[in-house]
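A short worksheet on the structure shown next.
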Amino acid sequence: MSSGVRLLVLGKQGAGKGTQAVRIARHNGVPHISTGDMFRAAASARTPFGLKAKEFMKRGELVPDDIVIGVVAERLAKDDAVNDGFVLDGFPRTRVQAEELQRLLGPGGLDAAVDIDVPTEIVLHRISGRRVCRTCGATYHVDKPPKVDWLCDRDGGSVVQRDDDKPEAIERRLELYEQETGPLLEFYEALGLLVTVDGVGDLEDVFGRVLDGVETVRQLRRSAPQAQR
Ligand SMILES: [Zn+2]
């Protein structure tokens, strides 16, 4: 059993990053730490950084780097993460955050940064084809519509495209992602931590590739003298 992994997962919206992150965490028996959950938990537990972050979120503003890092540091200091490890999902988003994370964990503190790589046109198809029931939020895809004329199979609600899922909106988000993540990928590549996984195909296949990729990087690092463990 490969327990005790310390990983982070990167990937565009629609690449299946969250799904894979949850699976890797479960497989290794470590907590899945997603940014959204972490912020909600920190705010409701009224931790020092959680309270600061809440102020920004209430005003609808972006939470500054130092506070984001503070929330992450508080979470990573908990027993489960310290003893077992973690799978980070949604953090870091910027190079500055990545550098802070390295400082926080120390050398040898991260096993791998897994990039679930899916070509933009496939992600565009996945997201722009998505349709959502106005009543219950059930999701469909133009490739797999409801049985009757865009009415929800469960409750007959109308099934529509959200504004966020329209191609212009997706392209804007993907562009921003590319700008932010390019430097991150270079950063982890230089540290020998980057695992690029082909994210096209079914969930099981992609998951198998993730496990193989992580194992390869861990072995390489174990045999490399600069990996201080
Ligand atoms: Zn519905």
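Mind listing whichever residues of region 116-145 are in contact with a helix residue (DSSP H, G or I) (Cβ under 9 Å, 6 or more places away or on another chain) and more than 30 Å from LEU211 (Cβ to Cβ)? Within region 116-145, SER128, ARG131, VAL132, VAL142 meet the criteria. Taking region 170-225 on its own, how many of its residues are without any contact (Cβ under 8 Å) to a residue 12 or more places away in the chain and within 18 Å of LEU7 (Cα to Cα)? Total meeting the criteria: 7. Scanning region 117-133 for residues that are within 16 Å of the ligand (Cβ to nearest atom) and surrounded by fewer than 13 Cβ atoms within 10 Å (Cβ to Cβ) returns no hits. Against the conditions (1) under 20 Å from the mean Cα position of the chain (by Cα); (2) within 16 Å of the ligand (Cβ to nearest atom); (3) among the polar types (S, T, N, Q), GLN161 satisfies every one except (1).
Looking across region 164-184 at every residue that is exposed (fewer than 14 other Cβ atoms within 10 Å of the Cβ) and not acidic (Asp, Glu), the one that is nearest to the ligand (Cβ to nearest atom) is identified as LYS166.
Checked against the criterion of being outside any helix (DSSP H, G or I), more than 16 Å from the ligand (Cβ to nearest atom), polar (S, T, N, Q) and within 23 Å of GLY182 (Cβ to Cβ), region 92-99 contains one or more residues that satisfy it.
Could you check, for region 95-110, whether at least one of its residues is within 20 Å of the chain's Cα centre (by Cα) and closer than 21 Å to ARG23 by Cβ? Yes. Scanning region 82-119 for residues being among the β-branched types (Val, Ile, Thr) and in contact with an Asp or Glu (Cβ under 9 Å, 6 or more places away or on another chain) gives a total of 4.
As a summary of the residue check, VAL148 satisfies the conditions (1) in contact with a helix residue (DSSP H, G or I) (Cβ under 9 Å, 6 or more places away or on another chain); (2) farther than 18 Å from ALA21 by Cβ; (3) at pLDDT 90 or above except for the one numbered (1).
The helices (runs of 4 or more DSSP H) found entirely in region 1-91 that carry 1 or more residues being of a type in the set (Gly, Ala, Ser), touching a helix residue (DSSP H, G or I) at 6+ places or on another chain (Cβ under 7 Å) and over 26 Å from ARG130 (Cα atoms) are 35-44, 48-58, 65-76, 79-83. Filtered by the rule that a residue be at pLDDT below 95 and among the acidic types (Asp, Glu), region 113-141 gives a lone residue, GLU121. The residues of region 137-153 that are in a loop (DSSP other than H, G, I, E, B) and within 9 Å of the ligand (Cβ to nearest atom), listed by number, are GLY137, ALA138, PRO146, CYS152, ASP153.
Just one of the listed residues (THR47, THR35) is of a type in the set (Ser, Thr, Tyr), buried (at least 16 other Cβ atoms within 10 Å of the Cβ) and under 23 Å from ASP115 (Cα atoms), namely THR35.
The values are calculated or read from the model by the stated rules, or taken from the named source; none is laboratory data. Please read these numbers as outputs of a predicted model, since none were measured by experiment. Note that we place each Cβ from the backbone using ideal geometry, even for glycine, and neighbour counts take in every protein chain shown.
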